[in-house]
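Just below is one structure, and these are the notes that go with it.
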Amino acid sequence: MNHDLFDFSPIVKRPPIEWPGGAKVAFYVGLNIEHFHVDTPSTSIVDTTTHLIPDALNYGWRDYGPRVGVWRVMEALDRHGVRASVLLNSEAADHYPQIIEAGTERQWAWLAHGATNSALHAGMEPDLERKVLADVVDRIEAATGARPRGWMGPALTETFNTADILADLGLSYTLDWTHDDQPYWFKNGRVMSLPYSVELNDVVFFTMKGGSGPDFELMIRDQLDQLVEDQPSGRVMALALHPFVIGQAFRTKYLDRALAYVASHPDVWLATADEIAAHYATSAAHSGTSAEPLGYVDGRFGRPQER
């Protein structure tokens, strides 16, 4: 079937993007802070026990993230001046207030990531989806004190109505479409797609592909090196992390080494997803790359005629 969400746009035919300070790559860490149900099969490391209730093996592996792993990852991010862009389940906001407090102190960006990663966000009728999304966004705002600007569905799931509903709720971008190295506007002119990655992603690399820590570090370095070479227009580099994976003790040093390389690179802008989206929105408004662009001015999101 065809769709009316976005147009095809080859990257070599677009107006150039310029990042702050002349950086060639805008880098952000997408840190997944998720809550899983003990009686529902979810992301697993061993398939043979997923039918059990409770599945202590896999649930315990996932639960390592908020209990231990995230605090280890937090230290690595702090060492290199990286503020996380948190993909937050609203149920995680309810269950892990200590993580919310720590992230708020660090000025992390909070993105809506559904209610729980034990339930995919697909196949919903529009009225139900609107209700679910409104509840997710309101709960995250209440917990963090900031209304989310961005969205990523559990397991990157959406419906064909998600972009319009997000815009109606005041959100301005989504990470679900992983087919580009630059932001772009959806055809509705109200929501942009911001690059995310299912390859530069610890849960895919380690648990699905059997990758090693040194290989993960090298992959991050190689990704950055190539994006720097892909000029003259700026690129976005997203590093997707899950604390129950990268937060394991034997892996964290490779994350630390990779972040050291990225943070010290002269062509990198260390940013949050919110900052990248805001910069692109205002730049697009000035360059005319969107017929009716939206952007942030003084912390408010709206059309140019509203500002």
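Rounded to the nearest 0.05, the FRET efficiency derived from the C-beta distance between Asp39 and Glu229 at R0 = 41 Å is 0.25. Counting charges near Asp138 (Lys, Arg +1; Asp, Glu -1) among other residues having Cβ under 15 Å from its Cβ returns a value of -1. Here the contact order of the chain, divided by its residue count and restricted to Cα pairs under 8 Å and six or more residues apart, works out to 26 percent.
Note on segment 25-297: antiparallel DSSP beta bridges, both residues inside, total approximately 10 percent of the bridges counted. The calculated FRET efficiency for Glu199 paired with Ile11, based on their beta-carbon distance and R0 = 30 Å, is about 0.95. When each of the peptides 146-153, 18-25 is scored by how many other beta carbons lie within 10 Å of its residues on average, the order from highest to lowest is 146-153, 18-25.
Applying both filters, DSSP loop and at most 10 other Cβ atoms within 10 Å, to the chymotrypsin sites (Phe, Trp or Tyr not before Pro) of segment 1-110 gives Phe8. Per-residue packing, averaged as other Cβ atoms within 10 Å, sorts the ranges 112-120, 203-211 into the order 112-120, 203-211, beginning with the highest. The GNM of the chain, with springs linking C-alpha atoms under 10 angstrom apart, assigns the highest mean-square fluctuation among His51, His121, His80 to His51. Over the residues of the chain, the helix contribution to mean residue ellipticity at 222 nm works out to -10500 deg cm²/dmol, using -39500 (n - 2.57) for each DSSP H run of at least 4. When you restrict to C-alpha pairs under 8 Å that are six or more residues apart and normalise by the size of segment 174-216, the relative contact order lands at 31 percent. When only the Cβ of Lys, Arg, Asp and Glu is charged (+1, +1, -1, -1), the dipole of segment 155-240 relative to its Cα centre reaches about 220 debye. Of the residues Arg14, Arg62, Arg257, which exhibits the maximal mean-square fluctuation in a Gaussian network model of the chain defined by a 10 Å Cα contact cut-off? Of Arg14, Arg62, Arg257, the most mobile in the Gaussian network model is Arg14. Can you list which of the chymotrypsin sites (Phe, Trp or Tyr not before Pro) found in segment 239-273 are DSSP loop residues with at most 16 other C-beta atoms within 10 Å? Sites meeting the loop and neighbour criteria: Phe250. Remark: the chain carries a charge dipole of roughly 560 debye about the Cα centre, counting +1 on each Lys and Arg Cβ and -1 on each Asp and Glu Cβ.
No lab work stands behind these numbers, since they all come straight from the coordinates. Please read all numbers here as calculations on a predicted model, not as lab measurements. Counting neighbours? That spans all protein chains shown, and the Cβs are built from the backbone with ideal geometry, glycine included.
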